[in-house]
């Protein structure tokens, strides 16, 4: 049975990807350093499977990662280990430099050495649309310049450049993906959609930055995972692939749709469940949007999940998994971050 390593597999996208890969009959080794965004609840459905193994490790530990590569001889490594929350990057940028840049450097060094032994193994590095910065009109294509606005986006941009440089200089088998905003089950409620669902369930106001007009392209996490698998199987080494739905919604639209769903799912919602505008965060991009024609045409992948259906299923999951919230420190849900602008 072929083995695949997923880094950051206790997180949102990572755990959903592991779920898919197990169904595809691979043995999965999950490497995660276990921080605030890691959640063992995310892997409870398969953590006792003989095809799944968890190893606590930080990708910055090159020696340990190299030993794991040599021991398990993976056919692929999906790198999802990253700090991802923009607000946190404003308050604590050093953590993002350590994880997203130095961590990727050490992972690349481990993979470079391992590649001399297993020349067929691939590294799939998962990145973000935020590296392209504010896209007021049109949609970003893979060859557009990177113009990151936040420390988070800048750290991811740097990691993409590092991976690309290792492909050219050391001839490693690596592919980079840039994905739009994900939503779905198991997402930490510091992010917009699960936070708003939490607030609705707990009769709290739906707080939005600025005037709530910030627009994002949204993709259901399971569609993203299917795209990643397609990139692993059919993608060309050294290439970048945008992964998106081509569907944009602003934050007000998201909240309004969630309130509609809540009225169906929980009938009577609390009197405090209203949209409330709060001070914007520094450097807040107005719009992200990807052109994903390359993966549509070259790899024959397209998202399957309609936005409203995905949002309904996501709301249902959180409603049916309230214990998920109990596994998370309340201050990581409720505390306002991203206020530093001095």
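Points to keep in mind about this one:
- For the range 23-129, alpha-carbon Rg relative to the globular expectation (2.2 N^0.38 Å, N residues): 1.12
- The angle between the Cα long axis of helix 12-23 and the main principal axis of the chain comes to about 60°, on a 0 to 90 degree scale.
- Enclosed volume per residue, in Å³, of the convex hull spanned by Cα atoms of the range 146-250: 125 Å³
- Most mobile of 101, 266, 124 in a GNM of the chain (Cα contacts under 10 Å): 266
- Hydrodynamic radius (Kirkwood) for the range 214-290, which is based on Cα pairs only, to one decimal in Å: 15.7 Å
- For the pair the range 216-242 and the range 129-156, the centres of their Cα atoms are 17 angstrom apart.
- Highest-fluctuation residue, 142, 190, 257 considered, GNM on the chain with Cα pairs under 10 Å: 257
- Exposure proxy for 301, 317: other Cβ atoms within 10 Å of each Cβ, ordered fewest to most, give 317, 301.
- The range 64-96 versus the range 266-302: alpha-carbon centroid distance in Å: 24 Å
- Cα-based helix-to-principal-axis angle, 307-320 vs the chain, degrees rounded to 10: 80 degrees
- Percent antiparallel among DSSP beta bridges (both partners in the chain, rounded to 5): 10 percent
- Note on the range 73-179: semi-axes of the ellipsoid equivalent to its C-alpha gyration tensor, largest first and rounded to whole Å, are 25, 16, 10.
- Its Cα gyration tensor gives the range 17-74 an equivalent ellipsoid; the semi-axes, largest first and in whole Å, are 20, 16, 8.
- Burial ordering of 211, 139, fewest other beta-carbon atoms within 10 Å first: 211, 139
- Fraction of alpha-carbon pairs over 35 Å apart in the chain - percent: 18 percent
- Gaussian network model of the chain, Cα within-10 Å springs - most flexible of 87, 332, 134: 332
- Using alpha-carbon coordinates, inclination of helix 192-201 to the longest axis of the chain, degrees: 40 degrees
- The helix-based estimate of mean residue ellipticity at 222 nm for the chain, built from -39,500 (n - 2.57) per DSSP H run of four or more residues and divided by its residue count, is -11500 deg cm²/dmol to the nearest 500.
- Cα-based equivalent ellipsoid, the range 228-342: semi-axes from gyration tensor eigenvalues, Å: 32, 21, 16
Throughout, read-outs are computed from the coordinates displayed, never taken from laboratory work. All values derive from a computational prediction rather than experimental measurement. We place every Cβ from the backbone using ideal geometry, glycine too, and count neighbours over all the protein chains shown.
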